[in-house]
Amino acid sequence: MASESTVAIQIRTALAQHLKRDADKVRPEDRLREDLGLDSLAMIELLFKIEEHFDLEIPNEDLSRIATVADVTAYVEEKLGAPASTSAAAVKPAPAAAPAIAPAAAEPSRPEPARAPAKVTSIKVAAKRKAAAASSKTADKKKGPRRA
Amino acid sequence: MGGDFAGFGTPVKKRIVVTGLGVVSPIGIGVDPFWKNALAGRSGISALPPWQDLPELPLGGYRSQVAGQVLDFDPAAIPEGVHPDRYDRYAQLSLVATQEAVADSGLRLDRENPHRVGVIMGAGMGGMLIGEEEFAKVYMSNRPHRVHPNFIPMITLNSASGVIAMTFGAKGPNLTISTACSSSAHAIGLALGAIRAGQADVVLTGGAEASLTPLAFAGFCALRALSTAYNTEPTRASRPFDRARDGFVMGEGAATLVLESLDHAVKRKAPIYAEVAGYAGTSEAFHMVVPKEDGSEMAVTMTMGLHDAGVSPTQIDYINAHATSTPIGDPVEVTAIRTVFKKRADTIAVNATKSLIGHTLGAAGALGGVACVMALRTGLVHPTVNYDDPDPACELPGISAEVQERPIRSALLNAFGFGSNNAAVVFSQPSAPARGSRPRAR
């Protein structure tokens, strides 16, 4: 069974924690601002978390490259020197355990972080779900073209 | 000078005037050098030197490495009798600015009822330097028994207004207004209110900031609010309204304005530079660090300020914009200006004092206020430096990289602060009878 990269899972899990929702409710194609509702301060908080966790620097001039969850993953993988395909859509073998950016132990009262890795779904499943959701209920979906 | 006001009639509200100015800024200590350099478009932004006493703290860890520093400030310039070691740099800057303003106004405290002279100052961060040093003693070195006895009196946000009152003998209301970047604009507005309300005859007002310190500077870097693209070309970093702007430049400085009732100023034959005609303070109740994007809240604030002043939009000839040089803030402010002034927005002179000195946070409104008063006095609007390539998102015909000369009847000062808060102050020619000409209903 195919799955996302470790980095992708970590980023998605961290975002889910920040948004206080299940990790499978955060999809790679989600736009950080429009779909997930991150305002500029929330964006900066997320970038800070990523910089801390992966020990890297994200200069301001790179921010224009980051619009979706997948963009974040691609950016981090590129910075970390991940192999050839740096797209978040690149399918990689699932790791045995993908730790969330913030360790579950930090917030024992919230069950999500601990369970998050187990709940992570593959891109394909997520895409299917999205398609299903789109056909059944489109009211809360923004249909505009993705921002570059 | 006072004779000009004889027989003017009974004002609706008590009229309040500016009778003295004082400045400590990255482009000069003293109003004259400040104004001369402002008109010359001389940038006061310079490269950050390595932190004093902290040579091992790498500058490379700071995304932004430029700032509006007051490089030539000498603590020995503070008034005699004040112990420099007891007051943080921000209070020292404020003392020197106030000393100039009081001398400029000819105010003699020994001839005043001291309880009728107040001090209302703005401060955004307060005594940061000693704060950071003492935190380190406790948190990093486990030496709580070595915390300096002056830590509390120095870090307290009202240490500047306190030492000013002590130094000059002002025993009236003594307040500090802290609303981040709009602090000193609110301070001026509340000084106006205090005199109008009869709580004082004279108020020394304005603000000061000196938080170019290792932790505070790192904090603004972390917020990604600061310019990072011009670290090797400091004078180009602060560029409000320009297409290539990429964040604000932190600055430090102080400015003091002597405000008093017109009656009081006339009675003591003080120089009268301008009238502080009106003020509005509002909250956007929206977001800690970003303005409402349609500018509607800023527009309401400006409109309320004009209304309080009894000045119509057609009487405003100059706007000293908040304009910090951030990608988001500048267009929002211009949108708001267009909302309030409609077609007239195309004919008003607009500039950004921050293009010269950076964003001096709690001192910004006061330094902008000095620019307003000087523009009213001289008919000159200082350039907005680095306005090389107008950004269509925040373009106004009245923004210029050159000095603009024009008669100015009234000037509007904008200041917006973290914490979702806005201020607008209106300054007018002291001879212009603004009263009675209420703004039209909209």
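The values are calculated or read from the model by the stated rules, or taken from the named source; none is laboratory data. Only a predicted model underlies this, so the values are computations on that prediction, with no experimental measurement involved. Glycine gets a Cβ as well: all are built from the backbone with ideal geometry, and neighbour counts include every protein chain shown.
Quick look at the values:
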{"read-out": "Within the stretch B:41-86, tally of residues that are of a type in the set (S, T, Y) and over 15 Å from B:T213 (Cβ atoms)", "value": "2"}
{"read-out": "The stretch B:256-269, residues that are in a strand (DSSP E or B) and either more than 20 Å from the chain's Cα centre (by Cα) or within 14 Å of chain A (Cβ to nearest Cβ) (or both)", "value": "B:S261"}
{"read-out": "Selection count where residues are assigned to a loop (DSSP other than H, G, I, E, B) and either within 14 Å of another protein chain (Cβ to nearest Cβ) or of a type in the set (K, R) (or both), scope the stretch B:36-54", "value": "1"}
{"read-out": "Residue satisfying condition, being among the hydrophobic types (A, V, I, L, M, F, W, C), in contact (Cβ under 8 Å) with a residue 40 or more places away in the chain, in contact with a Phe, Trp or Tyr (Cβ under 6 Å, 6 or more places away or on another chain) and closer than 30 Å to B:W51 by Cβ, within set B:V163, B:V96", "value": "B:V163"}
{"read-out": "Which numbered condition B:G68 misses (of (1) of a type in the set (G, A, S); (2) farther than 15 Å from B:V23 by Cα; (3) in contact with a Gly (Cβ under 6 Å, 6 or more places away or on another chain))", "value": "(2)"}
{"read-out": "Lone unmet requirement of (1) assigned to a helix (DSSP H, G or I); (2) buried (at least 23 other Cβ atoms within 10 Å of the Cβ); (3) not polar (S, T, N, Q) for B:L204", "value": "(1)"}
{"read-out": "Filter result for B:N386 (buried (at least 24 other Cβ atoms within 10 Å of the Cβ) and over 11 Å from the mean Cα position of the chain (by Cα))", "value": "yes"}
{"read-out": "Enumeration of residues in the stretch B:285-297 that are surrounded by fewer than 21 Cβ atoms within 10 Å (Cβ to Cβ) and within 14 Å of chain A (Cβ to nearest Cβ)", "value": "B:F286, B:H287, B:M288, B:V289, B:V290, B:K292, B:E293"}
{"read-out": "Residues satisfying the stated conditions in the stretch A:38-68, i.e. away from chain B (no Cβ under 13 Å) and either within 23 Å of B:I328 (Cα to Cα) or in a loop (DSSP other than H, G, I, E, B) (or both)", "value": "A:D55, A:L56, A:R65, A:A67, A:T68"}
{"read-out": "Test for B:K343: is it out of contact with any strand residue (DSSP E or B) (no Cβ under 9 Å at 6 or more places or on another chain), modelled with pLDDT of 95 or more, more than 21 Å from B:S420 (Cβ to Cβ) and not in a helix (DSSP H, G or I)", "value": "no"}
{"read-out": "Pair list, Cβ < 6 Å and 6+ apart or interchain, from the stretch A:55-77 residues that are surrounded by 21 or more Cβ atoms within 10 Å (Cβ to Cβ) to residues that are among the hydroxyl-bearing types (S, T, Y) and not in a helix (DSSP H, G or I)", "value": "A:A74/A:T86; A:A74/A:S87; A:E77/A:T86"}
{"read-out": "The stretch B:368-382: number of residues that are outside any helix (DSSP H, G or I), in contact (Cβ under 8 Å) with a residue 40 or more places away in the chain and surrounded by fewer than 22 Cβ atoms within 10 Å (Cβ to Cβ)", "value": "1"}
{"read-out": "Test: residue in the stretch B:328-347 that is under 28 Å from B:A101 (Cβ atoms), more than 14 Å from chain A (Cβ to nearest Cβ) and in contact with a Leu (Cβ under 8 Å, 6 or more places away or on another chain)", "value": "no"}
{"read-out": "Of all residues making up the stretch B:55-88, the number that are touching a strand residue (DSSP E or B) at 6+ places or on another chain (Cβ under 8 Å), of a type in the set (D, E, K, R) and either in a helix (DSSP H, G or I) or more than 14 Å from chain A (Cβ to nearest Cβ) (or both)", "value": "1"}
{"read-out": "The stretch B:219-235, subset farther than 22 Å from B:G30 by Cβ and more than 14 Å from every other protein chain (Cβ to nearest Cβ), residue surrounded by the most Cβ atoms within 10 Å (Cβ to Cβ)", "value": "B:P234"}
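Condition check ((1) within 14 Å of chain A (Cβ to nearest Cβ); (2) closer than 22 Å to B:G369 by Cα; (3) basic (K, R); (4) under 19 Å from the mean Cα position of the chain (by Cα)) across all residues:
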| position | (1), (2), (3), (4) |
| --- | --- |
| B:A237 | yes, no, no, no |
| B:A244 | yes, no, no, no |
| B:A254 | no, yes, no, yes |
| B:P271 | no, yes, no, no |
| B:S283 | no, yes, no, yes |
| B:A299 | no, yes, no, no |
| B:G310 | no, yes, no, no |
| B:T314 | no, yes, no, no |
| B:N320 | no, yes, no, yes |
